[in-house]
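*Asks:* Encoded as structure tokens, here's the structure I'll be asking about.
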Amino acid sequence: MPDHPIKVINTRPPPDADTFTQAILAAGGQPILSPVMAIRFRDVKAPVEADEALAFTSANGVRAFARANAGQRPKAFAVGAATADEARRAGFADIATADGD
């Protein structure tokens, strides 16, 4: 092990950078925040029928849908645990996850 913290570049934008930054610090690393993109939500309505479902590939996708489509919480498929957790926070109840596979 080096006698100084290993520098790790965190390219995630806020607020997603926070969790990774905490993990870097917990491992004894020195995070360097350098977001390579900014997340911007558009107010796009996406009506979903009762027998339809949504597939989310990121927590930001969940956030975008939830912000623009108040009250709509159909069945959701999530790519992994973090996306499923965000869906739960947004009020989705019926969520299946691929566990990142």
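*Asks:* Quick one: in region 1-25, of everything that is among the aliphatic types (A, V, I, L, M) and assigned to a strand (DSSP E or B), which residue is nearest to the chain's Cα centre (by Cα)?
*Replies:* Ile9
*Asks:* Let me ask another. So, in region 20-57, of the ones that are surrounded by 13 or more Cβ atoms within 10 Å (Cβ to Cβ) and not hydrophobic (A, V, I, L, M, F, W, C), which residue ends up nearest to Gly71 (Cα to Cα)?
*Replies:* Thr57
*Asks:* Going by what's in this entry, would Gly29 be described as in the same structural domain as Asp3 (by TED's automatic domain parsing), touching a residue at least 24 places away in the same chain (Cβ under 8 Å) and not acidic (Asp, Glu)?
*Replies:* Considered against the rule, which asks whether it is in the same structural domain as Asp3 (by TED's automatic domain parsing), touching a residue at least 24 places away in the same chain (Cβ under 8 Å) and not acidic (Asp, Glu), Gly29 comes out as yes.
*Asks:* Let me ask something additional. Considering only region 57-65, I want to know if a residue exists there that is farther than 16 Å from Glu86 by Cα and aliphatic (A, V, I, L, M).
*Replies:* No, the conditions are met nowhere in region 57-65.
*Asks:* Restricting the search to region 1-10, which residues are modelled with pLDDT of 90 or more and surrounded by 13 or more Cβ atoms within 10 Å (Cβ to Cβ)?
*Replies:* Val8, Asn10
The values are calculated or read from the model by the stated rules, or taken from the named source; none is laboratory data. Computed from a predicted model, the values in this text were never measured in an experiment. We place every Cβ from the backbone using ideal geometry, glycine too, and count neighbours over all the protein chains shown.
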